[in-house]
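A.B. asks: Dropping a structure here in structure tokens format, bear with me for questions.
The values are calculated or read from the model by the stated rules, or taken from the named source; none is laboratory data. Keep in mind it's a predicted model, so treat the numbers as computed, not measured. We place every Cβ from the backbone using ideal geometry, glycine too, and count neighbours over all the protein chains shown.
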Amino acid sequence: MRFWFARDSEVPIREQLVTQVILGILSAELVPGERLPSTRELARRFHLHPNTVSAAYRQLGQERWLESRRGSGVYVRTKKPEAPLSPARALDQQIAALFRASRDLGVSRITLRKRLDHWLAMQAPDHFLVIEPDEDLREIVIEEVRQVVTFPVVGGGFDVCRMLDVLAGAIPVVLPSKLETAREALPAGTEILALQVRSIPSSLAEWVPATPGLLIGVASRWSDFLKSAHTMLIAAGFPAESLVLRDARRPSWQRGLKQTAVVVCDTLTAKKIPAGCRVISFAVLAEASLEELRRYQRFIERPISEML
């Protein structure tokens, strides 16, 4: 295995050697039982201090990557460590897999480095892009995403998938039913997050059956929300005449809602319900998807130094 060391790097030489040996083992460049250069040999070849090499080998032995054989030298252990890898070592394993795949493809290290430099130079993701052709549903999803992240959130139909200026720095998100269409429209290799939809009937289930004789308002800009809520309430025993349905896209849609006992609505419409009304607001997106967006943003904002 070929070693290389950057003397002007902020990463200590000892850590450079440790990482390269681990990468070599994970990528099968160093095979079980293979003998490594002696401390003196490696120090002489690369003009390193013997104590630096010795400390690196000692660390690798403690972490059970290498083993010393008295009078023979330092060898790769026959079994890799069984303990869970630290985040840094897990990342090393992914990098090792990349090197191995590149080697199998016949890609040189110079070419690989150029491609890595290209990706690292790309604009870091800094906002979410909701891809949804239904404008009313899209506005609801944007509102719900904005409530759980601090990144800007914008949206558009499938046409934005071909707008490179719009995609720059964007994290595309899409509902499951539109995933394949969006994936085909986006540039090859674009990462996309699929958001799961919360079941409106199951969300309403805990509120029904309710006391008969009450007027129940249902308001939304999204027609599917109105249909699902209406169907669920009818199935729960509410007479059709007790339901006050309001399409929030229409003029004067708020009329009559103050006379209802409660208004069932989506998160965007909830902001526009008349004051004094009791509101039951249901999110379109599943909580698991909202948490995934939080984790994704935390990952992007995390300094690289904390990942290593």
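A.B. asks: Could you pull out the residue among Ile110, Ile131 that is β-branched (Val, Ile, Thr) and at pLDDT below 85?
C.D. replies: Ile110
A.B. asks: Okay, next question. Just need a number here: residues in region 268-294 that are small (Gly, Ala, Ser), surrounded by 14 or more Cβ atoms within 10 Å (Cβ to Cβ) and assigned to a loop (DSSP other than H, G, I, E, B).
C.D. replies: So the answer is 2.
A.B. asks: A follow-up question, please. Which of the residues spanning region 140-170 are buried (at least 18 other Cβ atoms within 10 Å of the Cβ) and either among the acidic types (Asp, Glu) or not assigned by TED's automatic domain parsing to the domain that holds Phe299 (or both)?
C.D. replies: Matches in region 140-170: Glu143, Glu144.
A.B. asks: Still on this model: Those residues that are among the β-branched types (Val, Ile, Thr) and not in a loop (DSSP other than H, G, I, E, B), I need them from region 17-41; list them, please.
C.D. replies: Val18, Thr19, Val21, Ile22, Ile25, Thr39
A.B. asks: Moving on. Would you mind stating whether Arg14 is outside any strand (DSSP E or B) and loosely packed, with under 15 Cβ neighbours inside 10 Å?
C.D. replies: no
A.B. asks: Looking at (1) under 38 Å from the mean Cα position of the chain (by Cα); (2) modelled with pLDDT under 85, find the lone condition where Lys272 falls short.
C.D. replies: (2)
A.B. asks: Taking the options Ile300, Ile273, Ile234, name whichever one is of a type in the set (Val, Ile, Thr), over 20 Å from Glu143 (Cβ atoms) and not assigned by TED's automatic domain parsing to the domain that holds Pro176.
C.D. replies: Ile234
A.B. asks: Restricting region 144-165 to residues that are more than 21 Å from the chain's Cα centre (by Cα) and of a type in the set (D, E, K, R), which is modelled with the highest pLDDT?
C.D. replies: Filtering region 144-165 for residues that are more than 21 Å from the chain's Cα centre (by Cα) and of a type in the set (D, E, K, R), the one modelled with the highest pLDDT comes out as Asp159.
A.B. asks: Can you tell me how many residues within region 240-256 are more than 20 Å from Trp222 (Cβ to Cβ) and free of Cβ contacts under 8 Å to residues at least 12 places away in the same chain?
C.D. replies: 2
A.B. asks: Go through the residues of region 283-291 one by one and say whether even a single one is modelled with pLDDT of 90 or more, over 20 Å from Asp224 (Cβ atoms) and touching a strand residue (DSSP E or B) at 6+ places or on another chain (Cβ under 9 Å).
C.D. replies: No; the residues of region 283-291 include none that is modelled with pLDDT of 90 or more, over 20 Å from Asp224 (Cβ atoms) and touching a strand residue (DSSP E or B) at 6+ places or on another chain (Cβ under 9 Å).
A.B. asks: Report yes if Ser203 is under 17 Å from Leu285 (Cα atoms), surrounded by 13 or more Cβ atoms within 10 Å (Cβ to Cβ) and at pLDDT below 85, otherwise no.
C.D. replies: Taking the combined requirement at face value, the residue satisfies it.
A.B. asks: Report yes if Thr52 is polar (S, T, N, Q) and in a loop (DSSP other than H, G, I, E, B), otherwise no.
C.D. replies: no
A.B. asks: Just one of (1) aliphatic (A, V, I, L, M); (2) crowded, with 16+ Cβ neighbours inside 10 Å; (3) at pLDDT 80 or above; (4) over 19 Å from Leu186 (Cβ atoms) trips up Ala96, so point out which.
C.D. replies: (3)
A.B. asks: Of all residues in region 25-37, count the ones that are surrounded by 15 or more Cβ atoms within 10 Å (Cβ to Cβ) and either touching a residue at least 24 places away in the same chain (Cβ under 8 Å) or not assigned by TED's automatic domain parsing to the domain that holds Arg58 (or both).
C.D. replies: 6
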